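Notes follow the structure.
The values are calculated or read from the model by the stated rules, or taken from the named source; none is laboratory data. The structure presented is a predicted model; accordingly, all values stated were derived computationally and were not measured. Heads up, the Cβs are rebuilt from the backbone with ideal geometry, glycines too, and the neighbour counts pull from every protein chain shown.
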Amino acid sequence: MARERGRRPDQGHARIAGNRFVEVDSSTGVATVYEAAKAVVVATGTRAAFPMIPGLTEIDVWDNRDVTSAKHAPRRLLVIGGGVIGVEMAQAWRQLGSEQVTVVEVFDRLLAREEPFVGAELERSLTRSRRRSRRGAGGNRPAAGHR
């Protein structure tokens, strides 16, 4: 899907090659240097925490890795978690063609680890772009190691 939108993923060994520059050595031995407009983000990955929701273990769910490798946009998407990754994926899938995206967050605001005004501004932006959210949804602790 990224290719269809004019974006090209690159795989290989990368190194920071200077302020706003990343050099990627591909498996073919060709090195490509990319220049970022503002900054380079190093996102080495995380492991998803799954909430203890009855029935969640019986259905097919995407974690933070699955959601970035899907081949087609789902018509409707429910994102559990209004943190940085959840909100980012909600935005991305809406822009990639999902008709309805809803973010469910246990706390009373999105991006609960940030200053309150950040979540409030994000909520206004999501509403303007027809993304829905539900805050204060309750819930239980994440199930350790659930997949």
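Before moving on, here are some points about what is shown:
- Every residue from the range 73-96 that is of a type in the set (D, E, K, R) and more than 19 Å from L56 (Cα to Cα): R75, E88, R94
- Among (1) modelled with pLDDT of 85 or more; (2) farther than 30 Å from D10 by Cα, the one test that S133 misses: (1)
- Residue match in the range 90-101 (condition: more than 19 Å from R128 (Cβ to Cβ) and not small (G, A, S)): no
- Cβ pairs under 7 Å, 6+ apart, first in the range 13-24 and assigned by TED's automatic domain parsing to the domain that holds A37 and in contact (Cβ under 8 Å) with a residue 12 or more places away in the chain, second of a type in the set (D, E) and part of a strand (DSSP E or B): H13/D25; A17/E23; R20/E35; F21/E35
- Residue in the range 72-80 that is of a type in the set (A, V, I, L, M, F, W, C) and either at pLDDT below 90 or touching an Asp or Glu at 6+ places or on another chain (Cβ under 6 Å) (or both) present: no
- Tally of residues being part of a loop (DSSP other than H, G, I, E, B) and under 22 Å from R134 (Cα atoms) across the range 45-59: 7
- Of the set (1) in a loop (DSSP other than H, G, I, E, B); (2) within 19 Å of E123 (Cβ to Cβ), all apply to H72 but (2).
- Residue in the range 114-129 that is part of a helix (DSSP H, G or I), touching a Ser or Thr at 6+ places or on another chain (Cβ under 7 Å) and among the aliphatic types (A, V, I, L, M) present: yes
Residues are listed down the side, and each one gets a yes or a no for (1) in contact (Cβ under 8 Å) with a residue 40 or more places away in the chain; (2) surrounded by fewer than 16 Cβ atoms within 10 Å (Cβ to Cβ):
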| site | (1), (2) |
| --- | --- |
| Y34 | no, yes |
| A37 | no, yes |
| T46 | no, yes |
| G55 | no, yes |
| I59 | no, yes |
| L78 | no, yes |
| I85 | no, no |
| A90 | yes, no |
